[in-house]
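Computed from the coordinates by the stated procedures, all read-outs in this text should not be read as laboratory data. Since this is a predicted model, take the numbers as computed values, not measurements. Heads up, the Cβs are rebuilt from the backbone with ideal geometry, glycines too, and the neighbour counts pull from every protein chain shown.
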Amino acid sequence: MNNHHERKIPILSFYSGGGFMDMGFEKAEFEIVWTNEVDEVFVKLHEAGITSWRKARGNGIKAEIFNKKSITEVRANTIIQEAFPVSKPEDFGIIGGPPCQDFSINGNRKGFKGERGKLTIIFFDRILELKPTFFVMENVTGLTKQKSTKEHLKKLLSRVEHEYFVDHKTLNALDFGVPQFRERVFFVGIRKDKVDKKSIGKFLGQWFTFPEDKQFHGAATKYKWATSVPFGKALTKPKDLPLNLCVESCLVPTREMKNTPNSKEYFNLYATAKTLNAINEGETNRPSFKRLHRFKYSPTACYGNNEVHLHPYKHRRLSVREALRLQGVEDTYVLPAELPLSKKFKMIGNGVPVPLAEAVANALKDFLKSNKIILSK
C-alpha cells in the first residue's frame, strides 16, 4: 500500500508583477513561497489582487511581495533566507518573465544591451546560483526570432546547459481558451543531476512535452472568425464559433457594472464622435485606436504608450475588468480603486494569461511525476 501523500512543490517567483503566472502555478497545486517586484504600485496591486483571489478560493494566506528590490541587488543567499527561513528544501522551482521591451518587435530592440534585456541575463545568473530543481521562463517571441538576440541567447543558454536540460517552445494564449492572440516563448529547464542516467537519452533534442489544448489548438485558423464591419451594426455570432474565444465574453454590460469590481475604471476618450464612428468594429490593424470585434479574439493586450483598444460597440476604451478578463483573470481578483489607472493597465498588459500559465504548470507537474524527478513525500 502506498501511504505517500502529495506535497506542494515550492516556487520562487521573479519579476512577479500582478502575479498572473503565480496564479497559474497555484492552480496547478504548486506553492508560491517567495515573490519579487520592484515597482511600488505593482506591489500594492499584486498584494490586493492575489489576496482577494485566494480568499475566494478558500485560501486565507495573505499575499505579499517578499522582496521589493531590483533582482540585480538581491543576492542568492538573501533569497534563500527569505524563501526558506528554516531550511532549504531539496526540490524547488523558479518561474519568471523578465521585462521584455528590449526584445519586443514593437519595442526599442536594444536586446541584451538594454537595461531590461540585462534582467534576462540576471535571471539565468540567479538560476545558476540558486540551483533549483527546475525553472520556467516566459518572454516575447522576439527573443528567439531577432538575429541580434538569437546568437546571444544561444551563448546565454549554453552557460545554463552545463547544469540543466533546457527546452523551449512558442505558445499562443488563444490556443488555450483565452480570447487573445498572444504568442510567448516558454523555456523549461530541468537540473541534469535530477535525471535518471538511464533516461538521459530522452532529454536530448526536444524532450519536454509542452501543453496542447485539443479543443482550441490552432484556433486562429480553425474557426471562421467575424470580419470588420461598420461601427454600430447589429451582429449575430458566427455559427460554431466558441463564445469564450471572443471579446464579447469579456465585456461587462452597463447593468452589471455596479456589482462587477473594476468595471467602471477606464480612460476617457477625447476623440470626436465623428472620428470614432469612422473606426470599424474589428479594425485592429491601425497603429492606435484599435476597435475590437465582439466576435473575434483581441490582439495582444498591450496598453502602453499610444496603444488604445476600443470597445466593439461603445465609444469607450476597455475597462480594467475587461482587460483582466482578456488575460484569463477571474473576477475575484480585485484591484484597489484608488491606485493609478495607467499602472493597472501596464501591469495587466505585462502579465502571462492565467490559463496559459496553468497549462504550462500542469504539463511541468506531470513531467516531473512521470520522470520521477520529484517524488511524493
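Observations on the model:
- Mean-position separation - Cα centroids, the stretch 244-270 and the stretch 138-158, in angstrom: 37
- Listed peptides 348-360, 323-335 appear in the order 348-360, 323-335 once ranked by packing, highest mean of other Cβ atoms within 10 Å at the front.
- Listed peptides 271-283, 127-139 appear in the order 127-139, 271-283 once ranked by packing, highest mean of other Cβ atoms within 10 Å at the front.
- Taking a ≥ b ≥ c as the square roots of the eigenvalues of the alpha carbon gyration tensor, the stretch 220-295 is oblate, as a/c is not under 1.5 and a/b does not beat b/c.
- Pairwise FRET efficiency - residue 129 versus residue 197, Cβ, R0 = 25 Å, nearest 0.05: 0.50
- Under 21 Å of direct C-alpha separation, and excluding same-chain neighbours fewer than eight residues apart, residue 155 reaches these lysines: 110, 113, 118, 131, 145, 147, 169, 192.
- Per-residue [θ]222 nm for the chain (sum of -39500 (n - 2.57) over DSSP H runs n ≥ 4, rounded to 500): -8500 deg cm²/dmol
- Pairwise centroid distance, computed over Cα atoms, of the stretch 205-236 with the stretch 7-58, Å: 28
- Here the relative contact order of the stretch 219-377, from alpha carbon pairs under 8 Å that lie six or more residues apart, stands at 23 percent.
- Rough spin-label spacing in nm, given labels placed 7 Å along Cα→Cβ, for residue 233 and residue 150: 4.0
- Debye equation applied to the C-alpha atoms of the chain, log10 I(q)/I(0) at 0.06, 0.11, 0.13, 0.14 Å⁻¹: -0.24, -0.80, -1.10, -1.26
- For the chain, hydrophobic long helices are taken as DSSP H runs at least 18 Å long by C-alpha position along their axis with mean Kyte-Doolittle hydropathy of -0.5 or more; these are 40-56, 115-130, 354-370.
- Relative contact order (percent, whole number), the chain, Cα cutoff 8 Å, 6+ residue spacing: 20
- Gyration tensor verdict on the stretch 32-81 (Cα atoms; rounded if a/c is under 1.5, prolate if a/b is larger than b/c, oblate otherwise): oblate
- Highest mean first, the peptides 243-253, 61-71 sorted by other C-beta atoms within 10 Å per residue fall in the order 243-253, 61-71.
- Rounded, prolate or oblate (a/c below 1.5 giving rounded, otherwise prolate when a/b exceeds b/c) for the stretch 121-176 by Cα gyration tensor: oblate
- Globularity ratio of the stretch 116-209, using Cα Rg and 2.2 N^0.38 Å: 1.15
- Förster radius 22 Å - calculated FRET efficiency between residue 339 and residue 64 (Cβ-Cβ, nearest 0.05): 0.85
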